[in-house]
Amino acid sequence: MNLLHPGARVIDAATGSTLSEADVAAAAEALAGEKGAVVFHPISTTIADIARYLAAVRLGRPVVLLDPDGDNAHWSERFATDEVHPDLALLLTTSGSTGNPKLVRLSAEAVRSNAEQIADVLDIGPDDVAITTLPLFYSYGMSVLNSHLVRGATVILERTGIMQRDFWTAAVEHHVTSMAFVPYQYEMLRRLRFDPAKYPSLRKLTQAGGRLRTDLVTDFSERMATVGGSLYVMYGQTEAAPRMATLPPARLAEKLGSVGVALPGGHFEISADGEVLYHGPNVMMGYADTAADLARGDEMGGVLHTGDLGRVDDEGFLFITGRIKRLGKVFGVRINLDDVEKHFPVTAIDGGDKLVAFALDATADEVRELRTKISEWLGTHSSGVVVRSIEALPLLPNGKVDYRALESSL
Amino acid sequence: MSTLQQLREAFRTALDLPADAPVDDLQYQDNEKWDSLAHMSLIAALEDEFGVMIDTDDVINLSSFQEAIKILGKYGVDISE
């Protein structure tokens, strides 16, 4: 599979260097000399690392995208093998640091079709210029890269973030047209009093990585409208390579709270117990727990059980109403709430991009200590964890914790 | 507590640093704990602690402890022992 359209450009904002066909060819040559079928690739936002990724994909070598700042030895220990399924192209991790993380197995077909589907609905063309705002090992960051490369657009590599001067300077200098953010970055942009008029080329903001509060959806949609631009609310999961739905900006006000309609070629179905099922060409082949799983073929048949509860209106707009699995998100990173409860003496719930942990009769010192320990364990900033002392947990008639009551107490 | 001590405390809390960590020479790029999330906490802490509203340009220019002293100075906050 070749993701690199001949017209596509990748420019490193800090160094000015650009990705060339020769870079990809050199990376391919280097890969040819490496043993094992699987390429374990801690990917930084650099020309060299993108060249290696594209080379692996082009050679049909399954590539595992990893956090360059993470402890990655266990991945190659668990998943090194010579036996891989011919359709397998890309492997992404499912969660942050907790539990026993699995890999999501994505075929070349899934990656390619999702890049095209996204490019279609966001109308990405050769004149588009994206800037990196997310790590490339994260499915959303990867999909921004892929969907621009396949359409011959430009991607600006910027290793700083929205809280730093260099990022905004690069956005102006390179005439950036599109930026992708997760919910907590929208909170930051609001704090920065983000004004799109300062970036004359900017036309598209996209949002994925969890639910964005509807007041922020309206706020940023209105801010973009003042410059003739749009906010695209989107819905996805790594398991869908990753995008499943986009809310057309023209319908945003009237469908506020919806995550949009299924991408072209995909559709939603609500199961008898209310779960959102997605059908489409971009659904993963399955998970991998062991190296042997990398030899397996497609086990999903193009259907993804999302674990989300939802409803679809008569025009096909999806509204997410809850979750089946006990999952939370902290700054866009998925966490298993049951795992938190196994490791710490707390009852954990999702507080909207924050973890809220209730500790029985905890002193102020204990609350502080728990907060530090839990955030260290999750590998996140402590502002993503809230610990509260509680006298007694609300219980259901069957004696189990009443999580709904806890959630409504927030 | 002097304003300098208050500022050091605000940095340690926002960056999840130990109570005795030296902070006077901190730079955004050099410290792995000083990421965008920590930066947002830091700005909120400075605004609360010193009762100021920091402008967008100053938020993204605040790239070191010493720069924080200068920027707070612009808002009439004197940082001293």
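Some values worked out for this structure:
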{"quantity": "Phi-based couplings in Hz for the range A:254-263 (Karplus 6.51, -1.76, 1.60; Gly and Pro marked x)", "calculated": "6, 10, 3, x, 7, 9, x, 9, 4, 5"}
{"quantity": "Cα-based shape type of the range A:327-408, given that a ≥ b ≥ c are square roots of the gyration tensor eigenvalues and the cut on a/c is 1.5", "calculated": "oblate"}
{"quantity": "Distance in nm between pseudo-label sites at A:D123 and A:T15 (7 Å out along the Cβ direction from Cα)", "calculated": "3.6"}
{"quantity": "Length-normalised contact order of the range A:297-355 in % [C-alpha pairs under 8 Å, at least 6 apart]", "calculated": "24"}
{"quantity": "Simple Cβ-charge dipole of chain A, Lys/Arg +1 and Asp/Glu -1, about Cα centre, in debye nearest 20", "calculated": "640"}
{"quantity": "Likely footprinting exposure, A:T306, A:T15, B:T13, fewest C-beta neighbours within 10 Å first", "calculated": "A:T15, B:T13, A:T306"}
{"quantity": "Burial ordering of A:K255, A:K325, fewest other beta-carbon atoms within 10 Å first", "calculated": "A:K325, A:K255"}
{"quantity": "Dipole moment magnitude, nearest 20 debye, the range B:3-74 about Cα centre, only Lys, Arg, Asp, Glu C-beta charged", "calculated": "120"}
{"quantity": "Mean-position separation - Cα centroids, the range A:7-61 and the range A:200-251, in angstrom", "calculated": "30"}
{"quantity": "Percent RCO, i.e. relative contact order, over chain A, from Cα pairs under 8 Å lying at least 6 residues apart", "calculated": "13"}
{"quantity": "Chain A, helix-only ellipticity at 222 nm - DSSP H runs n ≥ 4, -39,500 (n - 2.57), divided by all residues, nearest 500", "calculated": "-8500 deg cm²/dmol"}
{"quantity": "B:T3/A:S389 FRET efficiency (R0 25 Å; Cβ-Cβ; nearest 0.05)", "calculated": "0.20"}
{"quantity": "Fluctuation leader among A:A25, A:A51, A:A13 - chain A, Gaussian network, Cα springs under 10 angstrom", "calculated": "A:A25"}
{"quantity": "Likely footprinting exposure, B:E9, B:E81, A:E34, fewest C-beta neighbours within 10 Å first", "calculated": "B:E81, A:E34, B:E9"}
{"quantity": "Length-normalised contact order for chain B - Cα pairs under 8 Å, 6+ apart - percent", "calculated": "39"}
{"quantity": "Projected label distance in nm at A:H343 and A:E77, using a 7 Å step from Cα toward the beta-carbon", "calculated": "1.7"}
{"quantity": "Net charge contributed by nearby residues that have their C-beta within less than 14 Å of A:F167 (K/R +1, D/E -1)", "calculated": "-3"}
{"quantity": "Sites A:R404 and A:V172, calculated FRET efficiency, Cβ-Cβ separation with R0 45 Å, nearest 0.05", "calculated": "0.45"}
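Here, each number is a calculation from the coordinates, and none is a lab measurement. Bear in mind the structure is a predicted one, so any value in this text is a computation, not a measurement. Cβ atoms come from the backbone with ideal geometry, glycine included; neighbour counts cover every protein chain shown.
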